Amino acid sequence: IHIAGTKGKGSTAAMITQALITAGYRTGLFTSPHLFTIRERARINNVLISEADFASIVTELQPIVEKMNSEAAYGNLTTFEILVAAVFAYFKKNQVDFQVLEVGLGGRLDATNIARGDICIITSISLDHTEVLGNTIAKIAAEKAGIIKPGAMVVNFPQPEEALKIVQQTCQQ
């Protein structure tokens, strides 16, 4: 379940995660940003990744990161990209039934967008991160809607008209 939008991503992710846990599913949750520790971003059934598991996974990824960085045509991997890889590895290792993924910034070019969300949720869209995403609601909506994959179920919160049109157009593609 992949969640993008300007407002409400974290709340939506938390509510969906709790509903899935209550229904008996082993559920991984990835959120951004963290408040106190980077480990807050990766949870299974609302339990933070342990320091030992986090260190182990990052250590396992280190040679891959170094190899990719040495061959990189467009620059080194970012901390966020490495964190996303670590979280995906953690969820896979722990065989979660569901992954609830909150986009970090935007959607289309966000590292979480490597995942194929079976359910894509677009929360309320308004002007945010205009220096990166664009200076209009339509441009920002296009970036957020970039998480929508063919065949995915889309849940779209009430939107300004220009955002709604972009999300609907993306769904039709």
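The values are calculated or read from the model by the stated rules, or taken from the named source; none is laboratory data. For clarity, every value in this text was computed on a predicted model and none was experimentally measured. When we count neighbours, we look across all protein chains shown, and the Cβ atoms used for this are built from the backbone with ideal geometry, even at glycine. Heavy atoms of the whole protein, side chains included, go into the accessibility calculation; ligands, DNA and RNA do not. Shrake-Rupley method; radii C 1.70, N 1.55, O 1.52, S 1.80 Å.
What FRET efficiency comes out for the pair residue 38/residue 169, r = Cβ-Cβ distance, R0 = 25 Å, nearest 0.05? The partial results should precede the final answer.
On the way: r = 36 Å, r/R0 = 1.46.
Plugging the Cβ-Cβ distance into 1/(1 + (r/R0)^6) gives 0.10.
Pop out the ³J(HN,Hα) list for the stretch 12-23 in order, Karplus 6.51 cos²θ - 1.76 cosθ + 1.60 with θ = phi - 60°, rounded to Hz; leave Gly and Pro as x.
Values per residue, Gly and Pro as x: 4, 4, 5, 5, 5, 4, 5, 5, 5, 4, 4, 7 Hz.
Can you pull the one-decimal nm distance between simple spin-label points at residue 108 and residue 14, each 7 Å off the Cα toward Cβ?
The modelled label-to-label distance comes out at 3.1 nm.
With θ set to phi - 60° and the Karplus curve 6.51 cos²θ - 1.76 cosθ + 1.60, what are the ³J(HN,Hα) couplings of the stretch 168-173 in order, to the nearest whole Hz, using x for Gly and Pro?
These are the phi-based 3J(HN,Hα) values: 5, 4, 5, 5, 7, 6 Hz.
Please figure out what share of the DSSP beta bridges in the chain is antiparallel and state it in percent, rounded to the nearest 5.
Values: 6 of 19 bridges.
For the chain, the DSSP antiparallel bridge percentage is about 30.
Which pairs break 26 Å Cα to Cα here: 92/165; 93/139; 9/149? Working shown, then result.
Working: 92/165 36 Å; 93/139 37 Å; 9/149 18 Å.
Where the Cα-Cα span goes over 26 Å, the pairs concerned are 92/165; 93/139.
When the accessible area of the chain is split by element with a 1.4 Å probe, what percent falls to carbon and sulfur?
Details: 5440 of 9510 Å².
Roughly 57 percent, rounded to a whole number.
Between residue 149 and residue 118, how many nm apart are label points set 7 Å from Cα along the C-beta direction?
Between residue 149 and residue 118, the simple spin-label model gives 1.1 nm.
Helix-only estimate, please: 222 nm mean residue ellipticity of the chain, summing -39500 (n - 2.57) across DSSP H runs of length 4 or more and dividing by its residues, to the nearest 500.
Working: 6 runs with 74 residues, N = 173.
Using -39500 (n - 2.57) per qualifying helix, the result is -13500 deg cm²/dmol.
Answer with one residue from 91, 132, 154: the one whose Cα lies farthest towards the positive end of the charge dipole of the chain, charges on Cβ with Lys, Arg +1 and Asp, Glu -1.
154
Collect residues whose amide H, placed 1.01 Å from N in the peptide plane, falls under 5 Å from the amide H of residue 7; neighbours closer than 5 in sequence don't count.
Here the answer is 124, 126, since their amide H atoms fall under 5 Å of that of residue 7.
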